[in-house]
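The values are calculated or read from the model by the stated rules, or taken from the named source; none is laboratory data. A quick note: this is a predicted structure, and the numbers were derived from the prediction, not measured. All Cβ positions, even for glycine, are placed from backbone atoms using ideal geometry, and neighbour counts span all protein chains on display.
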Amino acid sequence: MSTTKDKSIVADLSLAPEGHLKIDWVQAHMPVLNRIREQFEKEQPFKGLKVSICLHLEAKTAYLAKVVQAGGAEVTITGSNPLSTQDDVCAALVEDGITVFAKYNPEPAEFKQLMIKALETKPDLIIDDGGDFVSILHSERRDLLEGIRGGAEETTTGIVRLKALEKDGALNFPMVAVNDAYCKHLFDNRYGTGQSVFDGINRTTNLVVAGKTVVVVGYGWCGKGVAMRAKGLGANVIVTEIDAIKAVEAYMDGFAVMPMIEAAKLGEFFVTVTGNRDVIRKEHYEVMKDGAILSNAGHFDIEVNKPELEELSSSKRTVRRNIEEYQLKDGRKVYLLAEGRLVNLAAGDGHPAEIMDMTFALQAMSLKYVNERYEEIGSKVVNVPYELDEKVARFKLESLGTGIDTLTDEQKAYLDSWEEH
Ligand SMILES: NC(=O)c1ccc[n+]([C@@H]2O[C@H](COP(=O)([O-])OP(=O)(O)OC[C@H]3O[C@@H](n4cnc5c(N)ncnc54)[C@H](O)[C@@H]3O)[C@@H](O)[C@H]2O)c1
């Protein structure tokens with residue numbers, strides 16, 4: 001029988017010891033997921049099933065894969081971004097009996113091929129991040145659709161793609177929209193992205209943020225977190241939006257709000273978090289300050305328009321790991337971090353373990369949920385049931401040693417009544 005070592009495609013198996021240390025560290029800081037693991041070990045919800053996972057392949061994700069494995073599944077994993085895969089973590093997972101198809105920074109064609117390999121294992125269940133698995137399955141590899149019971153999707157961008165598929169009546173199996181759970185976007189998108197974006201920017205540039213002007217493009221859940229942390233670091237923060245309500249919210253939160261064409265002239269750091277394309281483009285590069293630093297934290301590397309930046313440039317060189325310097329034809333220089341890919345993952349370690357603890361607890365429970373009800377749900381995008389969301393919050397509070405109050409009978413009656421006052 002072939003082992004995961006024979007089947008896997010990774011960069012270097014000798015890196016496993018470092019990977020194990022990283023996984024041990026996060027496991028110690030993921031108490032909610034540890035409880036789910038104990039439950040899974042007893043109940044074996046995935047016994048005899050194959051699960052394929054496509055996520056940013058670093059230590060926290062590795063631990064999620066091990067929790068799903070502890071629930072009885074045969075697990076295969078691949079990376080959701082070419083720059084966020086950590087080779088030592090991949091090697092450790094192979095040693096732990098998980099099949100891995102991933103390496104740091106493969107060529108685009110190989111990157112996709114690795115994803116397809118993870119689907120060729122014919123999984124019963126999938127975990128997706130950004131919708132790449134689902135997109136491959138519903139287009140070029142429809143032959144692999146058969147047998148898939150359903151899955152769970154991690155991020156905002158993936159859910160946008162899933163809903164488009166559902167609207168066209170083209171979705172083939174149920175998917176749980178994990179991002180839309182409270183315990184996901186309130187904490188992961190806001191506090192996780194907020195903190196880890198500056199971890200990525202700071203360790204990559206080694207420059208000061210205090211006193212500088214940071215332009216946050218998009219004031220959704222991630223943008224709120226990035227703006228909050230930029231302010232905390234002492235920056236002057238400008239928010240750009242296309243949604244009037246979010247723009248007012250940013251204004252009330254104390255940030256300057258203006259169109260991108262104005263903000264482009266003032267920014268020293270730029271962070272895009274819109275899930276949209278070309279939010280920084282030619283007309284903006286043309287008015288930027290010399291030395292402006294651009295980064296993206298949205299899912300795909302299309303928020304900062306790279307082809308137009310190249311067009312305006314006379315040369316390009318790597319000046320530090322994860323920093324490309326674009327020399328513009330008029331003499332100004334503009335810097336792009338991590339090739340415009342998610343700066344917190346491609347140039348950092350992603351969200352803190354305590355944050356991913358809640359997100360991945362939701363992922364694990366959502367996978368169990370969809371496996372138990374896939375026939376009943378049908379080919380739909382469904383929310384994480386409120387009870388599961390609340391359970392994660394309760395486990396989190398317990399892990400913090402914190403309790404909350406409960407309603408008295410009189411309070412319940414009062415809240416249920418329209419007559420009492
Ligand atoms: N870096 C990470 O670790 C991480 C974590 C979670 C989500 N994400 C990704 O970040 C992106 C944003 O996620 P979110 O949950 O904040 O989404 P969201 O929908 O809450 O917010 C996106 C915001 O961008 C605004 N927007 C859209 N186009 C714009 C434009 N041209 N200019 C200015 N604003 C614009 C929208 O109005 C919205 O307010 C998605 O791609 C998501 O998948 C990344």
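Odds and ends about this structure:
- Total residues in the stretch 352-392, condition touching a residue at least 12 places away in the same chain (Cβ under 8 Å), of a type in the set (Asp, Glu) and under 22 Å from Glu166 (Cα atoms): 1
- Some residue of the stretch 51-58 being more than 25 Å from Leu145 (Cα to Cα) and touching a residue at least 60 places away in the same chain (Cβ under 8 Å): yes
- Cβ-Cβ under 7 Å pairs, at least 6 apart or on other chains, the stretch 152-166 side in the same structural domain as Met356 (by TED's automatic domain parsing) and closer than 21 Å to Ala364 by Cβ, far side β-branched (Val, Ile, Thr) and outside any strand (DSSP E or B): Ala152/Val178; Ala152/Val370; Glu153/Ile159; Glu153/Val178; Glu154/Val178; Leu162/Val134
- Verdict on Ala250 being assigned by TED's automatic domain parsing to the domain that holds Tyr219, over 22 Å from the mean Cα position of the chain (by Cα) and closer than 23 Å to Asp199 by Cα: yes
- Scanning the stretch 237-280 for residues that are small (Gly, Ala, Ser) and free of Cβ contacts under 8 Å to residues at least 12 places away in the same chain returns a single hit, Ala244.
- Per-region count, the stretch 139-159, residues out of contact with any strand residue (DSSP E or B) (no Cβ under 8 Å at 6 or more places or on another chain) and within 22 Å of Met358 (Cβ to Cβ): 3
- Failed item in (1) in a helix (DSSP H, G or I); (2) within 11 Å of the ligand (Cβ to nearest atom); (3) touching a Ser or Thr at 6+ places or on another chain (Cβ under 8 Å), with Thr193 passing the rest: (3)
- Qualifying positions in the stretch 154-172 - loosely packed, with under 15 Cβ neighbours inside 10 Å, away from the ligand (no atom under 16 Å from the Cβ) and part of a helix (DSSP H, G or I): Lys167
- Residue within the stretch 273-286 that is more than 10 Å from the ligand (Cβ to nearest atom), assigned by TED's automatic domain parsing to the domain that holds Lys212, hydroxyl-bearing (Ser, Thr, Tyr) and surrounded by 21 or more Cβ atoms within 10 Å (Cβ to Cβ) present: yes
Conditions tested, residue by residue: (1) of a type in the set (Gly, Ala, Ser); (2) at pLDDT below 95; (3) away from the ligand (no atom under 16 Å from the Cβ); (4) touching a Ser or Thr at 6+ places or on another chain (Cβ under 6 Å).
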| site | (1), (2), (3), (4) |
| --- | --- |
| His299 | no, yes, no, yes |
| Glu308 | no, no, no, no |
| Leu312 | no, no, yes, no |
| Ser315 | yes, no, yes, no |
| Glu325 | no, no, yes, no |
| Val343 | no, no, no, yes |
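- Residue check, Val216 touching a Phe, Trp or Tyr at 6+ places or on another chain (Cβ under 7 Å), more than 18 Å from Asp129 (Cβ to Cβ), assigned to a strand (DSSP E or B) and not assigned by TED's automatic domain parsing to the domain that holds Tyr386: no
- Elements of type strands (runs of 3 or more DSSP E) in the stretch 80-153, at least 3 residues being of a type outside the set (Gly, Ala, Ser): 99-101, 125-128
- Test: residue in the stretch 220-237 that is within 21 Å of Asn305 (Cβ to Cβ), assigned by TED's automatic domain parsing to the domain that holds Asp278 and over 19 Å from the mean Cα position of the chain (by Cα): no
- Among the conditions (1) modelled with pLDDT of 95 or more; (2) over 30 Å from Val334 (Cα atoms), Glu154 misses just one, which is (1).
- So Gly378, is it modelled with pLDDT of 95 or more and among the small types (Gly, Ala, Ser): yes
- Scanning the stretch 211-245 for residues that are near the ligand (Cβ under 8 Å from one of its atoms) and among the hydrophobic types (A, V, I, L, M, F, W, C) returns Val217, Trp221, Cys222, Ile242.
- Check on Ser135, away from the ligand (no atom under 15 Å from the Cβ), over 17 Å from Leu342 (Cα atoms) and either surrounded by fewer than 20 Cβ atoms within 10 Å (Cβ to Cβ) or assigned by TED's automatic domain parsing to the domain that holds Leu49 (or both): no
- Selected residue (criterion: surrounded by the fewest Cβ atoms within 10 Å (Cβ to Cβ)) from residues of the stretch 175-196 that are in contact with a strand residue (DSSP E or B) (Cβ under 6 Å, 6 or more places away or on another chain) and either β-branched (Val, Ile, Thr) or not assigned by TED's automatic domain parsing to the domain that holds Arg149 (or both): Val176
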